[in-house]
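Data first, discussion second: the structure below is written as structure tokens.
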Amino acid sequence: MRILITGGAGFLGSYLCESLIRDGNEVTALDLAGPERVKDLLGHKKFTFIQGSVLDKKLLKEEVGKSDLIFHFAAIANPQTYVLKPLTTLEIDLRATLDILELAAAKSIKVVFASTSEIYGRNPNVPWKEDDERVLGSTKINRWCYATAKAAGEHYCYAYRQQKGLPFVIVRFFNVYGPREDDPGTGRVIPIFLKQFLTKEKISVHGDGKQTRSFAYIDDVTKGILAVSLSKKAEYMSFNIGSKRETTILELAQIMKKMGRFESEIAFIPHVEVFGESYEDIPRRVPNVDRIKEITGWKATTSLEEGLKITIDYYRKRPETIKV
Ligand code: UDP
């Protein structure tokens, strides 16, 4: 198959590129960032890397037109960026999605749409099933622009299917981590803590650290994405992809400290000091993963300890290598 992966040099996208190439497909990765995360694939005869924007309609049209399957994974997906750059977030996360769905629908090309657990917002009734309520905050709070853009993207998938016959699958991720995530010290919580541990700084736990997440290891998640993407039964559905294990952020810091035999102390910092007023945290986030298990047999199998060990070893050996 000829496969286009937008965001192909991103964290998830790069693992998809590797798996799909390994399985014999022709893969084009389109990404705003350079090819650092896919550098081992550069030169492979079935791999093409294009540094460009999903907002470039001409480029999109050419690349979509050549594809049998599209993974639309390009997005601004880290809280610091969507708080600081809400317009850029909406442009990339919503406008580009519409363009891709429109182009794909015109040729009936299947789109695997990368959505997010953020769309459930602060629904207190965890674990969340795919069709559960979404509880989001005010539109004045930038944090919700990401969730809103992704939820609108999902609505568009259903709408394009209903009126224009678009084949699609929606995948919603829950705190995926592993080697090649963000630059140390930036982005999501694990790379931020890792830089602090590696440089013996205090660990910046936001709030009281009792907020929870369910961390899913990248190799498990990649397998889950491929399982639903390639299944006919999974078409036109949305899937939570994540681990059922709920961990507080304070526990995460403690587990990382133990696994890496680190020495840093933990410091508690109010959210408002980090993000300003345009941020609200999500108190608990846990997926119900029955649907993906039932349709494909997939479930996460890597324990948090195991996955963190691999991740810590990776960042320890190459702390400054990933620049995105
Ligand atoms: N967090 C933290 N310290 C940090 C970075 C993040 O305590 O230095 C917390 C953050 O407030 C949130 C959780 O870790 O409660 C997960 O944050 P992340 O940015 O990884 O992603 P989110 O799940 O919020 O999208």
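Numbers below:
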item	result
Test: residue in segment 108-119 that is more than 16 Å from the ligand (Cβ to nearest atom), assigned to a loop (DSSP other than H, G, I, E, B) and open to solvent by less than 70 Å² (accessible area, probe 1.4 Å)	yes
Members of segment 275-298 found to be closer than 27 Å to ILE312 by Cβ and surrounded by 15 or more Cβ atoms within 10 Å (Cβ to Cβ), listed by number	PHE275, ILE282, ARG284, ARG285, VAL286, PRO287, VAL289, TRP298
Residue pairs meeting the criteria (Cβ under 8 Å; at least 6 apart or on separate chains; first more than 16 Å from ILE109 (Cα to Cα), in segment 66-80; second aliphatic (A, V, I, L, M))	ALA74/LEU30; ALA74/LEU32; ALA74/VAL54; ALA74/ILE92; ALA74/ALA96; ALA75/ILE92; ALA75/ALA114; ILE76/ILE92
Failed item, numbered, when GLU201 is tested on (1) closer than 29 Å to CYS17 by Cβ; (2) among the charged types (D, E, K, R); (3) open to solvent by 50 Å² or more (accessible area, probe 1.4 Å); (4) within 15 Å of the ligand (Cβ to nearest atom)	(1)
Any chance LEU59 is more than 23 Å from the chain's Cα centre (by Cα) and among the aliphatic types (A, V, I, L, M)	yes
Residue within segment 92-105 that is open to solvent by 30 Å² or more (accessible area, probe 1.4 Å), basic (Lys, Arg), touching a residue at least 24 places away in the same chain (Cβ under 8 Å) and closer than 30 Å to HIS271 by Cβ present	yes
Segment 200-250, residues that are within 19 Å of the chain's Cα centre (by Cα), of a type in the set (Ser, Thr, Tyr) and outside any helix (DSSP H, G or I)	THR212, SER214, TYR217, SER238, SER243, THR247
Residue within segment 157-168 that is within 16 Å of the ligand (Cβ to nearest atom) and surrounded by 23 or more Cβ atoms within 10 Å (Cβ to Cβ) present	no
Residue in segment 253-283 that is farthest from ASN142 (Cα to Cα), counting only those that are of a type in the set (Phe, Trp, Tyr) and assigned to a loop (DSSP other than H, G, I, E, B)	PHE262
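The values are calculated or read from the model by the stated rules, or taken from the named source; none is laboratory data. Not measured: the values here are computed from a predicted model. FYI the Cβ positions are ideal-geometry reconstructions off the backbone, even for glycines, and counts take in every protein chain you see. Ligands, DNA and RNA are excluded from the accessible area calculation, which covers all protein heavy atoms including side chains. Shrake-Rupley method; radii C 1.70, N 1.55, O 1.52, S 1.80 Å.
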